[in-house]
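Read the structure below first, then the notes.
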Amino acid sequence: MDNSILHKFQNSVSEVLIRHKSILDIISKYQESCARVNRSIIKAATSCGCIHINAKAQEIPKDISYDELKDFLENHISGDLCDICKDKINEEMGNHLFYLVAICNSLDLDIHEILTKQCKNINTLGKYSLY
Ligand SMILES: [Zn+2]
């Protein structure tokens with residue numbers, strides 16, 4: 001991945017984040033932005049209706065391998081996001097990323113380094129990399 005956009009974004013966040021400089025403000029804004037991402041997805045189903053969420057217990061046949069599991073699990077979403085909902089979710093995710101990077105800046109962490117390490121973990125450990 002080209003890291004120039006990540007570094008540019010991290011520098012931009014650093015330059016514009018003045019009002020919420022305290023780590024406590026940033027963490028609370030980060031948590032709020034996560035809730036806004038979730039709400040925008042929920043509103044796509046409950047207000048707009050462009051997607052439907054039909055959650056139910058996953059039915060997993062016995063005697064299948066871990067590799068076959070993905071063929072039997074559902075995401076419980078049907079339909080497609082309309083352009084308005086897609087724009088709103090994109091906006092909220094962008095805002096969420098802003099505060100994630102703001103936390104990185106406060107703690108002197110490099111978002112590119114974090115993503116690179118996580119990418120290596122996924123590629124090395126595959127399905128065993130997540131918990
Ligand atoms: Zn929609």
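The values are calculated or read from the model by the stated rules, or taken from the named source; none is laboratory data. Predicted, not measured: the structure shown is a model, and the values here were computed from it. Note that each Cβ is placed from the backbone with ideal geometry, even for glycine, and that neighbours are counted across all protein chains shown. Side chains included, ligands, DNA and RNA excluded: accessible areas come from the protein's heavy atoms. Shrake-Rupley method; radii C 1.70, N 1.55, O 1.52, S 1.80 Å.
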- Item | Search result, residues across the stretch 30-76 that are open to solvent by less than 90 Å² (accessible area, probe 1.4 Å), farther than 22 Å from PHE98 by Cα, within 15 Å of the ligand (Cβ to nearest atom) and aliphatic (A, V, I, L, M) | ALA44, ALA45, ILE51
- Task: Only residues that are assigned to a helix (DSSP H, G or I) and in contact (Cβ under 8 Å) with a residue 24 or more places away in the chain: list them for the stretch 40-69, please.
- Result: SER40, ILE41, LYS43, ALA44, CYS48
- Message: From the list SER28, SER65, exactly one residue is under 20 Å from the mean Cα position of the chain (by Cα) and among the small types (Gly, Ala, Ser). Which is it?
- Response: SER28
- Task: Report yes if SER40 is of a type in the set (Gly, Ala, Ser) and touching an Asp or Glu at 6+ places or on another chain (Cβ under 7 Å), otherwise no.
- Result: yes
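Has the stretch 8-27 got at least one residue that is outside any helix (DSSP H, G or I) and under 15 Å from HIS96 (Cα atoms)? Before you say what the answer is, go through the steps one by one.
So in the stretch 8-27, the residues outside any helix (DSSP H, G or I) come out as 17-22.
Imposing the further condition that a residue be under 15 Å from HIS96 (Cα atoms) reduces the set to 17, 20.
Yes, because at least one residue in the stretch 8-27 is outside any helix (DSSP H, G or I) and under 15 Å from HIS96 (Cα atoms).
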